[in-house]
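Taking it in order: structure first as structure tokens, then the write-up.
The values are calculated or read from the model by the stated rules, or taken from the named source; none is laboratory data. Note that the structure is predicted; figures quoted are calculated from it, not measured. All Cβ positions, glycine included, derive from the backbone under ideal geometry; neighbour counts span all protein chains shown.
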Amino acid sequence: MGNKNLILAEEIKDSLETEIIGKKVYYYSQVNSTNKIASELAAYGANEGTVVIAERQVSGRGRRGRVWHSSDKGLWFSVILRPEIKISESHFLIINASLAVYYALKSYGIETEIKWPNDILYKNKKVCGILSEMNSSSGNLNYIVTGIGINVNQKKFPDELKDKAVSLYNIQGAKIDKFELLTDILFYFENFYFKFLNGENEKLLEEWKSKISLLGKEIIVKSDGKEYFGKAVDIAKDGRLILLTNKSETKKFWAGDTSIRK
Ligand code: BTN
């Protein structure tokens, strides 16, 4: 990191109102992927709460091996956490992160929906994506990197994204200070994380479910190269989406691409 980046990292750290998240901040002008850097730092023992943020990512990672378009107009960051939890509870990190983004955006007057499992949508267009990557050995969780990407000040998107993506600038018609937004998100994120560590899983799950746009609707789930049609009836305690298929079978999905049937 250059001097300017070190100064910015310190400024971000000083503006945070958190106890553990952001006690160490790495700020870069350009990286391959903040999730990749954060995973490397975590593998070398970086502390819980370490945050990696970059102006630009040249190989931003999306879900299912996709590329995440990351120009310098967005907010791209990753948080390292080391909760002592069962691997089967790790989806709560996504729940915490999506609730944090939801509430931070709400504080700007922006009402969004959570699209199971981890997208934040504004009027059906994606404003934020979350990618959680964990490392475990012998069945024990070592660390989880939660990467959050928010479209903030983009005026336009490349052709292939323009019907699917939206930025906060597009929504509000004005620029937003990325670092203020980061401060807000991390504040909420830590709050939800502490609730989770405190055993308030059921409450978190209910709160998350209340913001999920798919529930009760006829949907299509694409998973493992297949398409499933049916009604999204609920989210199970373990975070799986419960689909009542057209053949009256109940199917549960850990992940998948969903769309509402028109
Ligand atoms: C998705 O919706 O496909 C998930 C996108 C996650 C993007 C963020 S940007 C910050 C962090 N670093 C990455 O390489 N990916 C995540």
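Odds and ends about this structure:
- Qualifying residue in the range 109-119 (condition: within 16 Å of L186 (Cα to Cα), away from the ligand (no atom under 15 Å from the Cβ), assigned to a loop (DSSP other than H, G, I, E, B) and touching a residue at least 60 places away in the same chain (Cβ under 8 Å)): no
- Residue within the range 158-167 that is touching a residue at least 40 places away in the same chain (Cβ under 8 Å), in contact with a strand residue (DSSP E or B) (Cβ under 9 Å, 6 or more places away or on another chain) and part of a strand (DSSP E or B) present: yes
- Residue selected from the range 26-47 under the condition without any contact (Cβ under 8 Å) to a residue 60 or more places away in the chain and buried (at least 17 other Cβ atoms within 10 Å of the Cβ), by the criterion farthest from the ligand (Cβ to nearest atom): A46
- Conditions (1) surrounded by fewer than 18 Cβ atoms within 10 Å (Cβ to Cβ); (2) in a helix (DSSP H, G or I): number failed by F192: (1)
- Residues in the range 56-71 that are over 15 Å from D119 (Cα atoms), out of contact with any helix residue (DSSP H, G or I) (no Cβ under 7 Å at 6 or more places or on another chain) and either small (G, A, S) or near the ligand (Cβ under 7 Å from one of its atoms) (or both): S59, G60, G65, S70, S71.
- Test set (1) within 12 Å of the ligand (Cβ to nearest atom); (2) over 30 Å from K4 (Cβ atoms); (3) of a type outside the set (D, E, K, R); (4) within 12 Å of the chain's Cα centre (by Cα) - L75 fails condition number: (2)
- Yes/no for I176 being closer than 27 Å to Y28 by Cα and surrounded by 17 or more Cβ atoms within 10 Å (Cβ to Cβ): yes
Each row is one residue, and each column tells you yes or no for (1) under 17 Å from the mean Cα position of the chain (by Cα); (2) surrounded by fewer than 16 Cβ atoms within 10 Å (Cβ to Cβ).
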site	(1), (2)
L182	yes, no
E202	no, yes
K217	no, yes
K231	no, no
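- Scanning the range 235-250 finds no residues that are of a type in the set (S, T, N, Q), within 20 Å of I114 (Cβ to Cβ) and at pLDDT below 95.
- Residue check for G60: at pLDDT 95 or above and at positive phi: no
- Residue match in the range 6-25 (condition: surrounded by fewer than 23 Cβ atoms within 10 Å (Cβ to Cβ), within 13 Å of the ligand (Cβ to nearest atom) and within 15 Å of V145 (Cβ to Cβ)): no
- Residues that are in contact with a Lys or Arg (Cβ under 7 Å, 6 or more places away or on another chain) and within 19 Å of N124 (Cβ to Cβ) do occur in the range 196-213, at least one of them.
- Of all residues in the range 72-97, those that are of a type in the set (S, T, N, Q) and modelled with pLDDT under 95 total 2.
- Test: F187 is at pLDDT 95 or above, in contact with an Asp or Glu (Cβ under 6 Å, 6 or more places away or on another chain) and either exposed (fewer than 15 other Cβ atoms within 10 Å of the Cβ) or not in a strand (DSSP E or B) (or both): yes
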